[in-house]
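The structure appears below as structure tokens.
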Amino acid sequence: ITRPTELFEKTSDEKIWPAIKYYLLILIIPFIALTTLAALFFSLIISFLSTVVPQINLGSLATFSIASVLALAGFFALIFFVIIPLMMFVGAGILHLFVKLYGGKGNYSDTFRASIYSSTPSVLLLAIPFLNFGATVWSFVLGIIGISLNHHISKLRAFLAYITPSLIAGIIYFVFILIFKAPAPA
């Protein structure tokens with residue numbers, strides 16, 4: 001992560017499966033952090049309710065709390081270990097189309113690996129709000145470096161490949177808002 005050129009050179013011959021295993025492994029950290037924070041939040045709510053409204057049966061609240069935490073852990077597991085990896089496949093596919101438009105010479109697995117390994121800082125610091133912003137910026141920079149190296153294109157072309165889908169989505173959104181905005185009241 002601190003030596004991106006070395007990272008992307010070492011992983012240049014990898015297939016997709018090692019990158020997937022790596023990604024699922026690092027997703028464990030934010031999964032545990034967010035599940036723990038949610039459990040603490042539910043515990044605080046239960047504690048607050050039991051002191052504010054003493055007539056509430058604490059036993060039923062404890063059962064509710066445990067069931068809620070288990071349901072939340074299941075929800076986070078679905079998000080972290082099914083939906084996010086699927087979105088990485090789709091996102092890498094969209095990015096790959098634009099990398100190809102900007103002259104990229106690599107294949108989809110090159111784009112996927114660059115996406116996975118470059119996302120490491122933002123994934124690891126997902127549960128820490130202010131640090132996550134800096135980590136997300138660093139992940140973006142790593143992604144540009146990874147795409148540039150894996151596809152043998154300039155960093156400018158890699159940058160453009162990264163931002164073009166967002167620009168297109170923003171323009172579509174803006175046009176949609178203009179077309180379907182509510183008329184001003186008379």
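Note on the chain: Rg/Rh from C-alpha atoms, Kirkwood Rh, equals 1.13. Ranking Ser12, Ser119 by solvent-accessible area of protein heavy atoms (1.4 Å probe, all protein chains present), from largest to smallest, gives Ser12, Ser119. Partner lysines whose Cα lies under 22 Å from the Cα of Lys155, excluding those fewer than 8 positions away in the same chain, are identified as Lys10, Lys100, Lys105.
Hydrophobic, long helices, defined as DSSP H runs whose alpha-carbon span along the helix axis is 20 Å or greater and whose mean Kyte-Doolittle value is at least 1.6, occur in the chain at 16-52, 58-78, 84-101, 155-180. Heavy-atom surface analysis with a 1.4 Å probe gives the chain a carbon and sulfur content of 78 percent of its accessible area.
For region 105-186, the square roots a ≥ b ≥ c of the C-alpha gyration tensor eigenvalues yield an a/c of 1.5 or more together with a/b not exceeding b/c, which makes the shape oblate. If only the Cβ of Lys and Arg carry +1 and only the Cβ of Asp and Glu carry -1, the dipole of the chain around its Cα centre is close to 340 debye.
Computed extension gain for Leu101 through Ile32, at 0.36 nm per residue and net of the alpha carbon distance, reaches 21.0 nm. In terms of its C-alpha gyration tensor, region 95-147 comes out prolate, because a/c is 1.5 or above and the ratio a/b outweighs b/c.
Mean residue ellipticity at 222 nm from the helices of the chain, using -39,500 (n - 2.57) per DSSP H segment of n ≥ 4 over the full residue count, to the nearest 500 deg cm²/dmol? For the chain, the value works out to -27000 deg cm²/dmol.
The values are calculated or read from the model by the stated rules, or taken from the named source; none is laboratory data. Note that this is a predicted model, so its numbers are computed, not measured. Because the Cβ atoms are built from the backbone with ideal geometry, glycine has one as well, and the counts that use them run over all protein chains shown. Heavy atoms of the whole protein, side chains included, go into the accessibility calculation; ligands, DNA and RNA do not. Shrake-Rupley method; radii C 1.70, N 1.55, O 1.52, S 1.80 Å.
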